[in-house]
Amino acid sequence: MPQAAVEALLDAQANAYEICTYLTLAKYTEESGRYSPASVSAVNKATGANKLKSGPVDRAIVRLKQIRAKTVKQVSNGYSGRSHAMVEQPVDLGPILFDRDTWHQQTGEVLPDGPTPRGLVRYVLPDFCEEKDSRVWFGNNLVGGIGGFNQPLKALKNAGDVAARLLLAMYAVNDMELWGGVCPIGSCHGPWRHYKPVADDVNLHGRARLIRAKAKSLVASLDHRISGGSAEAYWDARHALN
């Protein structure tokens, strides 16, 4: 998922159905991550949703096409000399999801359909010109399941809207290379656990040091977009994700 799409979903306080729908459509995109042949039935299967024609997935798609990504760029304030300064200017990047017909009408692009009806591109997920290595990456098993866990998105949907938004926010700051998980520091960081030392440190061979501690309280910086400022809802959502 593009970072811009993640931020747009959080800004819009997207519900669980909307987040699960976007993840499912994204899972079935081709190499560019833009063109998805997935249909409503794929989302129904992944989430265990009601298969009625006007069901929650249809409503989720309607809303996703209304959610718009934004960014901020630095521009001159138009003055010179001592009055000159760079100011932030919001930029509308457009919707995070297009249906096939709307995309073709607006861009004229001939979509890269597959050779069979199942390969027909149904939705386009703009990448907002983000490089692949800067996007937020999810394992396909989150949608398709793994082992006996057949419908992770059904569990996520049932965990509620706050849990779905929290999952997005934590994936956005996941840094396996540096932290082995969610980054606990910085302006946008995830929840982390505080540890309390239980003994003096011990210096070991090779300039290593042994630090013994036990797990204490959990710490988090509450993002109003996730739980509306409710600490109880935030921690209940984290418990549900566990």
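The values are calculated or read from the model by the stated rules, or taken from the named source; none is laboratory data. Predicted model only: the values in this text are computed from it and were never measured. Cβ coordinates were reconstructed from backbone atoms using ideal geometry, including for glycine residues, and neighbour counts include every protein chain displayed. Note: areas computed on protein heavy atoms with side chains; ligands, DNA, RNA excluded. Shrake-Rupley method; radii C 1.70, N 1.55, O 1.52, S 1.80 Å.
Things worth noting here:
- Within the range 176-242, the trypsin sites (Lys or Arg not before Pro) that combine a DSSP coil assignment with at most 16 other C-beta atoms in a 10 angstrom radius are Arg207, Arg212.
- Kirkwood hydrodynamic radius over Cα pairs of the range 159-242, then Stokes diffusion coefficient at 37 °C and 0.692 mPa s, in µm²/s: 226 µm²/s
- What a 1.4 Å probe finds exposed on the range 148-233 is 52% carbon and sulfur by accessible area, rounded to a whole percent.
- Shape of the range 193-240, Cα gyration tensor, a/c cut at 1.5: prolate
- Label-reachable residues, the range 3-43, where backbone N falls under 18 Å from a point 7 Å from Glu177's Cα toward its Cβ: 3
- Inter-label distance, nm, simple model (7 Å from Cα along the C-beta direction), Arg193/Arg207: 3.0 nm
- Sites count as exposed loop sites when they are GluC sites (Glu not before Pro), lie in a DSSP loop, and have at most 15 other Cβ atoms within 10 angstrom; the longest stretch of the chain without one is 132-242.
- Each Cα pair of the chain feeds into the Kirkwood radius, which the Stokes-Einstein equation turns, at 37 °C and 0.692 mPa s, into a diffusion coefficient of 161 µm²/s.
- Taking the Cα centre of the chain as reference, the dipole from Cβ charges on Lys and Arg (+1) and Asp and Glu (-1) amounts to some 660 debye.
- Relative contact order (%) - the chain, alpha-carbon pairs under 8 angstrom, separation at least six: 21 percent
- Bins of 5 Å from zero: percent of alpha-carbon pairs in the range 122-183: 4, 14, 17, 23, 24, 15, 4, 0
- Charge dipole (the range 1-61, unit charges on Cβ, about Cα centre) - positive-most of Thr21, Leu9, Pro56: Pro56
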